[in-house]
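Novice: Below you will find the structure I want to go over with you.
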Amino acid sequence: MKIIKIMAVAAFCLTVVSCGNMNNVLSAISNGSVTNAIASVIGLDKVSASNLIGTWQYKGPGCAFTSENLLAKAGGEVAAGQIEEKLLPYYQQVNLSSSNTTITFTEDGKFSSKIAGTPFSGTYTFDVATQQIKLKGLLFSVNCYAKKEVGGISILFEAKKLLTVLQTMSALSGNANLQTIGELSKKYDGVRIGFDMQK
């Protein structure tokens, strides 16, 4: 039984490490838990309502698989680390930075945010069970998801929803480059992508 468990750990490590998500896996394995390794890639470790409160600043591209099955099927092509690497040049092209891409959540259910300097604000609700954040603004509403990260959180969208958000932001700001990220997001059906954030 022990040999089977060791083989399962080794197979999982080889799969995910070869996919470019080495840091998350090595961190989890060093803590002795394969479950933690999977959780770090698909976001099983939940954000609490109180964790969400505060101002979060852009750190880099974020990504999570929506299930262990999708992670397993992804193989070496679209592992979380590789997706983030592919997104990075597009994010750099629109000059996303910690100063122009932020989101603030308050205890009274309000939020204010900027994506590449374009403001979006309104009210929000947070479902701890599903980690879904419903953002409701004056011009449009969108659902996103929180994912716990070491030293912060990720704000992630279903790939098609991110396309909608960025097209809207592009129209509001006149920054056509925002659409390039949205177009790239079409390739990642079943994967949530967005932004790694830190305080």
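Read-outs throughout are calculated quantities, based only on the coordinates presented, and are distinct from any laboratory measurement. Note that this is a predicted model, so its numbers are computed, not measured. Don't worry about glycine lacking a Cβ; one is built from the backbone with ideal geometry, like all the others, and counts go over all protein chains shown.
Novice: Shape call for segment 80-199 from the C-alpha gyration tensor, a ≥ b ≥ c root eigenvalues: rounded (a/c under 1.5), prolate (a/b greater than b/c) or oblate?
Specialist: Numbers: a/c = 1.44, a/b = 1.17, b/c = 1.23.
Taking the square roots of the gyration eigenvalues as a ≥ b ≥ c, segment 80-199 is rounded.
Novice: Please give me the summed charge of the neighbours of Lys147: other residues whose Cβ is under 10 Å from its Cβ, Lys and Arg +1, Asp and Glu -1.
Specialist: On the way: positive: Lys46, Lys148, Arg192; negative: Asp45, Glu149, Asp196.
Once positives and negatives cancel, what remains is 0.
Novice: Under a point spin-label approximation (7 Å from Cα along Cα-to-Cβ), what is the Gln198-Ala49 distance to one decimal in nm?
Specialist: 2.9 nm
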